[in-house]
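Below you'll find the structure, written out as structure tokens, and then a few comments.
The values are calculated or read from the model by the stated rules, or taken from the named source; none is laboratory data. Predicted, not measured: the structure shown is a model, and the values here were computed from it. When we count neighbours, we look across all protein chains shown, and the Cβ atoms used for this are built from the backbone with ideal geometry, even at glycine. Note: areas computed on protein heavy atoms with side chains; ligands, DNA, RNA excluded. Shrake-Rupley method; radii C 1.70, N 1.55, O 1.52, S 1.80 Å.
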Number of protein chains: 2
Amino acid sequence: MDFERPIVTVDIVLLTLRDSHLHAGLTRRDKAPALGAWTLPGGWVHTDQDQDADEAAARILRDKAGLVSPYLEQLRTFSGMHRDSRGWSLSVSYYAVVPEPVGEPAGERFRWAPVDGLRSLPFDHAQILRTAVERVRSKTLYSSLPVHLMPAEFTLGALQRTYEQVLGATLDKRGFRRRIEELDVIEEIPGAFTSGGSHRPAQLYRKKAHAPALKTATSNLPVG
Amino acid sequence: MDFERPIVTVDIVLLTLRDSHLHAGLTRRDKAPALGAWTLPGGWVHTDQDQDADEAAARILRDKAGLVSPYLEQLRTFSGMHRDSRGWSLSVSYYAVVPEPVGEPAGERFRWAPVDGLRSLPFDHAQILRTAVERVRSKTLYSSLPVHLMPAEFTLGALQRTYEQVLGATLDKRGFRRRIEELDVIEEIPGAFTSGGSHRPAQLYRKKAHAPALKTATSNLPVG
DNA sequence: CTAATAGTGTCTCTTAGACACTATAAA
DNA sequence: TTTATAGTGTCTAAGAGACACTATTAG
């Protein structure tokens with residue numbers, strides 16, 4: 001016997017670091033339910049063009065946030081009878097991590113919001129967001145994930161501040177540098193240094209061209 | 001505009017340890033496509049009775065394998081245009097880890113198969129199985145997951161052999177015991193020991209009553 | 001006694017964590 | 001000079017890994 005097919009959507013937690021805090025990208029809904037509300041970017045799977053849910057996520061990110069994220073991972077699937085007023089629904093959720101965008105986002109249908117202020121969002125999007133932030137914080141402890149928050153060129157000091165801002169904790173400089181070197185995902189840009197400050201210039205680094213999106217260590221960063 | 005709703009199923013990788021090797025529980029399909037083939041236990045979401053996908057997974061496990069697993073976790077969602085001949089489909093997959101069942105499974109619609117021999121399964125079930133086994137091996141390195149493979153009472157030696165069989169590597173006894181003690185998920189059964197072998201009896205242990213399903217360490221077990 | 005497995009003591013070597021030190025810029 | 005940040009050297013304490021030792025049963 002057959003059952004009614006659930007509603008299937010793909011929702012994306014798009015994260016970046018602005019003003020020293022994690023921000024999530026939100027879009028304004030143009031349909032009921034929750035018409036006019038700010039939610040995580042999401043949409044239906046287009047069964048005629050999306051090869052799979054990953055492609056649907058990349059398409060939605062492109063259409064709603066106008067960007068292509070090199071780091072886009074499935075988070076988990078949220079489902080239930082009551083999470084959407086239209087019926088039994090299922091959301092395959094993803095999280096993306098991108099460098100701070102330059103300038104204000106184009107259009108009125110997209111904005112960045114600090115994740116710590118987002119206690120309530122329509123549907124179960126607050127829970128999805130919370131899960132994504134937890135995942136990112138946890139991966140930050142033992143992986144190179146925060147490198148995706150950095151611009152093309154950056155210093156080790158800036159990378160450490162990024163880790164610290166994601167974790168909400170300070171790290172020892174020596175230990176941090178040892179760890180990053182082990183992960184082997186960034187490289188010096190020969191001869192490139194910062195300039196301008198009244199202090200010693202810093203070596204600029206970039207992601208290694210062929211490094212995997214994520215490298216993991218076998219132990220956690222020491223936090224507090 | 002609306003799109004055709006994808007086919008939604010829940011599939012479960014049910015794992016146990018028999019004869020020193022990981023085995024997966026398979027059920028025989030009684031419908032097309034792949035009629036008569038052995039596949040991962042799975043089924044439709046029953047939108048009228050399942051509160052969410054977790055409940056659907058528990059129901060399917062109960063109906064098809066006749067058991068209730070204390071450890072049942074979402075693995076990930078597999079989807080695509082071509083993974084099921086009936087159309088664009090999506091499978092929310094789960095993995096469960098249970099002690100070796102006593103006796104042969106009841107019925108002809110269920111059997112255990114060694115995971116290493118399962119190179120090909122209908123749909124993308126071989127890939128789902130591979131992903132689950134990877135996940136279990138990886139969690140074995142830093143968590144108490146294999147405790148769910150143990151019967152109600154067991155020795156530390158048996159637990160170590162379980163870890164070793166899942167990992168396919170030998171572990172140092174001292175280090176292993178230190179690690180298990182840190183995880184703090186099992187306890188001695190006062191006065192209970194093995195008997196019968198021509199050697200010193202071993203203390204019997206059990207899961208702690210209120211321990212969480214999974215405890216994690218901050219570093220990996222040392223393997224080769 | 002031997003054989004076999006259970007369980008503990010402990011030494012060494014690695015590494016994390018702390019922190020002091022030097023380096024180099026601008027004012 | 002001072003101030004600020006970049007970057008390195010290195011000591012120490014904790015812990016992992018190795019492995020030898022004792023304990024307790026049956027035969």
- Query: Excluding ligands and nucleic acids, what accessible area in Å² is computed for residue B:214 using a 1.4 Å probe, to the nearest 10?
  - Reply: 50 Å²
- So what is the relative contact order of region A:7-140, in percent, for Cα pairs below 8 Å that sit 6 or more residues apart? 33 percent
- Excluding ligands, DNA and RNA, what is the solvent-accessible area per residue of region B:103-185 at a probe of 1.4 Å, expressed in Å²? 51 Å²
- Note on the structure: Going residue by residue through region B:193-204, the Karplus relation 6.51 cos²θ - 1.76 cosθ + 1.60 with θ = phi - 60° gives ³J(HN,Hα) values, rounded to whole Hz and with x marking Gly or Pro, of 9, 5, 8, x, x, 8, 6, 4, x, 10, 4, 8
- Task: Under 15 Å from the Cβ of residue A:99, count the other residues' Cβ atoms, weight Lys and Arg +1, Asp and Glu -1, and hand me the total.
- Result: +1
- May I have the count of lysine pairs in chain A with C-alpha atoms under 25 Å apart, counting pairs 8 or more residues apart or located on different chains? 9
- How much of the accessible area of region B:1-107, probe 1.4 Å, is carbon plus sulfur, in whole percent? 48 percent
- Item | Peptides A:35-42, B:122-129 ordered by average Cβ neighbours within 10 Å, highest first | B:122-129, A:35-42
- Per residue of B:79-90, count partner chain C-beta atoms within 10 Å of its C-beta, then hand back the mean as an integer. 4
- Between the Cα axis of helix A:173-183 and the main Cα principal axis of chain A, the angle (0 to 90°, nearest 10) is 60 degrees
- Expressed in angstrom and rounded, the centroid-to-centroid distance over alpha carbons for region B:180-219 and region A:45-87 is 44 Å
- If one takes the accessible area of chain B alone plus chain A alone and subtracts that of the pair, with a 1.4 Å probe, what total in Å², rounded to the nearest 100, results? 3000 Å²
- Query: When DSSP beta bridges are limited to those with both residues in the protein assembly as shown, what percentage is antiparallel, rounded to the nearest 5?
  - Reply: 75 percent
- Message: Within 10 Å of each Cβ in A:38-49, how many Cβ atoms from other chains are there, averaged over the peptide?
- Response: 3
- Task: With a 1.4 Å probe and every protein chain left in place, tell me how much accessible area residue A:142 has, in Å² to the nearest 10.
- Result: 60 Å²
- A:210, A:46, reordered so the largest accessible area comes first (probe 1.4 Å): A:210, A:46
- Message: Can you classify the protein assembly as shown as rounded, prolate or oblate using the Cα gyration tensor, where a ≥ b ≥ c are the square roots of its eigenvalues, rounded means a/c under 1.5, and otherwise it's prolate if a/b beats b/c and oblate if not?
- Response: oblate
- Percent carbon-and-sulfur accessible area, region B:147-207, ignoring ligands, DNA and RNA, probe 1.4 Å: 47 percent
- Task: Could you pull the accessible area for residue B:174 with a 1.4 Å probe, rounded to 10 Å²?
- Result: 150 Å²
- Estimated vicinal HN-Hα couplings, Hz - region B:156-163 in sequence order (Karplus 6.51, -1.76, 1.60; Gly, Pro = x): 5, x, 5, 5, 5, 4, 4, 4
- With a/c under 1.5 counting as rounded, go ahead and sort region A:37-144 into rounded, prolate or oblate using the C-alpha gyration tensor (a ≥ b ≥ c being the square roots of the eigenvalues; past the cut-off, prolate if a/b is larger than b/c, else oblate). rounded
- Go ahead and estimate [θ] at 222 nm for chain B from helices alone: -39,500 (n - 2.57) per DSSP H run with n ≥ 4, summed, over the residue count, rounded to 500. -7000 deg cm²/dmol
- Give a residue-ordered list of calculated ³J(HN,Hα) values for region B:66-71 (Karplus: 6.51 cos²θ - 1.76 cosθ + 1.60, θ = phi - 60°; whole Hz; x for Gly, Pro). x, 8, 10, 9, x, 10
- Query: So what's the angle, to the nearest 10 degrees on a 0 to 90 scale, between helix A:125-142 and the longest Cα principal axis of chain A?
  - Reply: 30 degrees
- Can you give the % of DSSP beta bridges in region A:1-142 that are antiparallel, to the nearest 5? 70 percent
- Query: Say a label goes 7 Å from Cα toward Cβ at residue A:59 in every copy; what distances in nm does this one have to the rest, shortest first?
  - Reply: 3.0
- Determine the shielding of peptide A:53-63 by partner chains: average, over its residues, the number of Cβ atoms on other chains within 10 angstrom of each Cβ. 1
- Where N is the number of residues in region B:125-224, Cα Rg divided by 2.2 N^0.38 Å: 1.13
